[in-house]
Amino acid sequence: MELLCPICRRLLTKNEHSWCCPARHSFDIARQGYVNLLTVQQKHSLNPGDTRDQVLARRSFLEGGYYAPIADMLCDLARKHNCIGPILDVGCGEGYYSARLAAALDAPLIGLDISKEAVRCAAGRYKDALWLCATAAQLPVAAHSIGLVTSLFSLTAAEAFHTVLKPEGAFIQVLAQPDHLLGLKSVIYPELFRKPKETTPEIPGFSLAESVPLRFSFTVEGEQIENLLSMTPHFWRISAEGAKRLKETEVLTDTASCVGNVYRPL
């Protein structure tokens with residue numbers, strides 16, 4: 001897999017303990033196996049992305065199997081559309097979805113996240129992949145070298161995705177629908193406001209090949225309720241009163257509602 005130097009955009013070469021470019025910019029391979037390609041200039045905070053506690057909460061929840069139908073949908077869509085690797089998962093988190101997709105397709109995987117804690121966690125668990133701490137705004141991947149880009153509950157950097165994809169490649173996007181996790185929202189917020197949301201957005205440079213909705217119920221209890229919150233943007237928005245109500249909730253039955261979109265580059 002061809003990586004680019006985030007400083008000069010020249011090809012990186014892997015050595016025993018680092019990745020280096022012809023301009024002698026060097027990036028160490030961490031003990032866990034990931035590589036930090038996020039430069040100081042690309043950071044908007046000291047430690048961007050999810051914290052270690054959030055990452056561990058996400059791992060605990062996902063490995064509990066509550067969101068297994070989403071992983072299954074992702075793999076089914078990739079197989080149906082004859083997607084091939086290498087796979088680039090942008091916003092990979094701790095690697096739950098991308099590792100399962102790579103196994104299903106028997107394809108090489110690059111997992112990328114702005115959170116160093118996330119890729120550290122992923123690299124420690126899933127050894128047969130390349131995990132990068134980097135920004136989606138400037139993907140450190142060679143042009144037209146990726147067969148499948150995925151983004152689950154994360155941002156879409158249309159121009160960057162189009163640049164790295166092979167002409168015959170695909171982009172699979174998973175988005176939350178407006179009724180996603182209404183049970184959680186009804187506990188933490190005093191009032192619910194439903195905002196219109198485009199779940200099959202037009203993406204410059206891409207055409208929509210298929211859109212598949214997915215809706216299923218699940219029940220969590222104990223610490224998994226807090227873990228669920230930690231996975232969502234509501235973690236950053238919850239009030240003290242909402243946190244108190246959630247802490248007092250012993251069992252939560254909720255509904256996951258999302259859509260899987262398959263795009264092809266034009």
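The values are calculated or read from the model by the stated rules, or taken from the named source; none is laboratory data. None of these values were measured; they are calculated from a predicted model. Every residue, glycine among them, receives a Cβ derived from its backbone with ideal geometry; neighbour counts consider all protein chains shown. Surface accessibility is based on the protein's heavy atoms, side chains included, excluding ligands, DNA and RNA. Shrake-Rupley method; radii C 1.70, N 1.55, O 1.52, S 1.80 Å.
Have a look at the DSSP beta bridges in the chain and tell me what percent are antiparallel, nearest 5.
60 percent
Over the chain, with every protein chain in place, what whole percent of the accessible area is carbon and sulfur at 1.4 Å, could you tell me? Don't jump to the answer; show the numbers that get you there.
Numbers: 6680 of 13010 Å².
Reported share for carbon and sulfur atoms: 51 percent.
Probe of 1.4 angstrom, ligands and nucleic acids ignored: what's the accessible area per residue over the chain, in square angstrom?
Working: 13010 Å² over 266 residues.
Heavy-atom SASA per residue in the chain reads 49 Å².
Taking the Cα atoms of region 115-266 alone, what are Rg (to one decimal) and Dmax (as a whole number) in Å?
Cα-based Rg and Dmax for region 115-266 come out at 18.1, 52 Å.
Using only the Cα atoms, work out Rg/Rh for region 134-189, with Rh taken as the Kirkwood radius, to two decimals.
Checking Rg against Rh, the ratio lands at 1.17.
Give the cross-link partners of K127 among the lysines, using a straight C-alpha distance below 24 Å as the criterion and excluding same-chain residues fewer than 8 apart.
In chain and number order, the partners are K14, K116.
Find the relative contact order for region 1-138 and round it to a whole percent, using C-alpha pairs within less than 8 Å whose residues are 6+ positions apart.
Reported as a whole number, the value is 25 percent.
Once you put a point 7 Å from the Cα of K197 and another 7 Å from the Cα of A209, both along the Cβ direction, what distance in nm separates them?
Taking the two extended label points, one gets 2.5 nm.
Which lysines have a Cα less than 19 Å from the Cα of K166, not counting those fewer than 8 places away in the same chain?
Straight-line reach from K166, under 19 Å: K80.
Consider a paramagnetic label point 7 Å from the Cα of L155 along Cα→Cβ; state which residues of region 76-108 have an amide N under 14 Å from it.
90-92
What are the ³J(HN,Hα) couplings of region 17-26, residue after residue, when phi is run through the Karplus curve with 6.51, -1.76, 1.60 and θ = phi - 60°? Round to Hz, x for glycine and proline.
Values, residue by residue: 10, 7, 10, 10, 10, x, 7, 6, 6, 10 Hz.
Check cross-link reach from K195 to the lysines: straight Cα distance under 29 Å, and skip same-chain residues fewer than eight apart.
Output for K195: K185, K244, K247.
Apply the Karplus curve 6.51 cos²θ - 1.76 cosθ + 1.60, θ = phi - 60°, to the phi angles in region 122-131 and return the couplings in whole Hz, x for Gly and Pro.
Result, rounded to whole Hz: 4, 5, x, 9, 10, 7, 8, 7, 10, 10.
Along the principal axes of its C-alpha atoms, what lengths does the chain span, in descending order and rounded to whole Å?
Between the extreme Cα coordinates on each principal axis of the chain lie 57, 38, 30 Å.
Once phi is turned into θ = phi - 60°, what whole-Hz ³J(HN,Hα) does the Karplus curve with 6.51, -1.76 and 1.60 give for every residue of region 82-94, x standing for Gly and Pro?
Per residue, the Karplus-derived 3J(HN,Hα) values read 6, 6, 10, x, x, 9, 10, 9, 9, x, 6, x, 7 Hz.
What are the principal axis extents of the Cα atoms in region 56-136, in Å, biggest first?
Its Cα atoms span 33, 27, 21 Å along the three principal axes.
Antiparallel as a % of all DSSP beta bridges within region 1-122, to the nearest 5?
Once the DSSP bridges in region 1-122 are tallied, antiparallel ones form about 65 percent.
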